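The values are calculated or read from the model by the stated rules, or taken from the named source; none is laboratory data. Small disclaimer: the values here were computed from a predicted structure and weren't measured. With ideal geometry, Cβ positions are generated from the backbone for all residues, glycine too; neighbour counts draw on all protein chains shown. Heads up: the accessible areas ignore ligands, DNA and RNA and are worked out on the full protein's heavy atoms, side chains in. Shrake-Rupley method; radii C 1.70, N 1.55, O 1.52, S 1.80 Å.
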Amino acid sequence: MRAVGWEVVIGMEVHVQPTTRTKMFCGCAIAPLNAPPNSHTCPVCLGLPGVLPVINKAAVEACLKTAVALNCEIPRHTKFDRKNYMYPDLPKGYQISQYDLPMSHDGHLEVGERRVRIRRVHLEEDTGKLVHAGDRLHKAWESFVDLNRAGVPLMEIVSEPDIRSAEEARDYAVALRTLLRTVGASEADMEKGQLRAEPNISVRRTGTTELGVKTELKNINSFRNLYRAIDFEVKRQIEALESGHDVVQETRGWSDAEQRTFSQRTKEFAEDYRYFPEPDLPPLELDPAWIEELRRALPELPEARRVRLVSQYALPLHDASLIAAERELADLFEGAVRAGADAKPAANWIIGEVAPGGSVPTINQLADVVKLVTSGSITRDQGREVLAESIRSQRSAGELVAERGFAQVSDESELEAIVREVIATNAKAAADYQAGKKQALGALMADLKKKAPNANPKMANEILQKLLQ
Ligand SMILES: [Zn+2]
């Protein structure tokens, strides 16, 4: 939404579960989603006294790869801190996180035309989960604690408030997911809770620089809901301010059922977590040679791929941005071109027919249809139908074209006969064209399409102009 007179200011806090076999500070395996409660726990992640945490090197490596890919600075010294607070899903009474010496800081991510600055990327551990049960009738309520997730590694990626719309916030999260998958740091599947985005949102009058009061959104579990929740929140804040009310600084949740945000917790007082250095973990010394090695081993990043799609295939920047934003689409595009499809039509097909959330064709399915349409064997509409059907039934494009009798008439002598007939029955339009009224060609082509709907329109047009000269 673009509200006249208002500027939207969004910063994003994203928690990502790096791909590791075990938890952040103990040897417990990461529990699958359907694991029985508390089946993946040990004295360390249960927070029993007298046990010592050990840093998971794979998590550190995933965090550093992400930080390097986000153009962050990596300091030599980093450490872990205790963030103290009391909640039943946190039996230790503190969460191990990073406070004043994070693993990385000051990077950026290009999202379309916007450069979003990254404030920091650091490592911490997840908390447990509360499961509420009981029935309203007997007023018997019970809550259970499942600590399978306690101690699961999390990377926290914090952006500066550089995002200006709900669309950009969604694009930022998608770009982050593509980057994380590309470097192999995380599967970043939002539905599985491996990527959790918490946008903070405020609005201000256009032309002012002071930040407005912000709200923070939680429990968003898809890119679509991320867009919807922010869009709703922006409208809500603008309506409140325009009708003379204040925006309250608070945490708000998103209700999928009601399609609205709702107040969860007001932040009248700044929380005081009394951070202090984790005494059971040594500060980490990051060897610059190791960082350099990680940097050199990075695969081609989405931003570099976007630039290459422009230079190697002469794609417009806009097309390249859309395609490079998702690795699956970029692989599909380059595969189809290798399979013989022309680059620009292949890009058009991906952007127009594949991108908006539908099923994705295989490389050969796409390449076959693009080739048939580009060569004029079938029309674009027919190509659309063939592509959809070949995805559905896994049958080849050639087979479907033959079955439906879609093949266009592209035989030159056959077309010439049709064109001669069109000229004969439209003598006036033909004479007009020859006298210089170029638009008379439209009437001739319209009649041709009526007489021979299957005629290859590009070839027929050429023959028509040739015969009229
Ligand atoms: Zn454990």
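Points worth noting:
- Answer residue from the range 248-265, given it is among the β-branched types (V, I, T) and in a strand (DSSP E or B) and is nearest to S202 (Cα to Cα) among those: T251
- Restricting attention to the range 14-38, the residues that are open to solvent by 30 Å² or more (accessible area, probe 1.4 Å) and either away from the ligand (no atom under 11 Å from the Cβ) or under 20 Å from L123 (Cβ atoms) (or both) total 10.
- Test: T66 is more than 10 Å from the ligand (Cβ to nearest atom), more than 18 Å from A150 (Cα to Cα) and assigned by TED's automatic domain parsing to the domain that holds L109: yes
- Selected residue (criterion: modelled with the highest pLDDT) from residues of the range 122-158 that are among the basic types (K, R) and under 29 Å from the mean Cα position of the chain (by Cα): R149
- Counted residues, the range 377-396 - those being open to solvent by 70 Å² or more (accessible area, probe 1.4 Å) and more than 16 Å from P345 (Cα to Cα): 4
- Residue within the range 25-47 that is in the same structural domain as N148 (by TED's automatic domain parsing), assigned to a loop (DSSP other than H, G, I, E, B), of a type in the set (A, V, I, L, M, F, W, C) and without any contact (Cβ under 8 Å) to a residue 24 or more places away in the chain present: yes
- All positions within the range 434-458 that are in a loop (DSSP other than H, G, I, E, B) and exposed (fewer than 13 other Cβ atoms within 10 Å of the Cβ): A435, G436, K437, K438, Q439, P453
- Leading residue by the ranking (most open to solvent (accessible area, probe 1.4 Å)) among those in the range 334-356 that are under 18 Å from the mean Cα position of the chain (by Cα) and farther than 19 Å from P302 by Cβ: P356
- Criterion violated by G11 - all others in (1) within 15 Å of the ligand (Cβ to nearest atom); (2) outside any loop (DSSP other than H, G, I, E, B) satisfied: (1)
- In this structure, V111 does satisfy being within 27 Å of R295 (Cα to Cα) and either within 16 Å of the ligand (Cβ to nearest atom) or touching a residue at least 24 places away in the same chain (Cβ under 8 Å) (or both).
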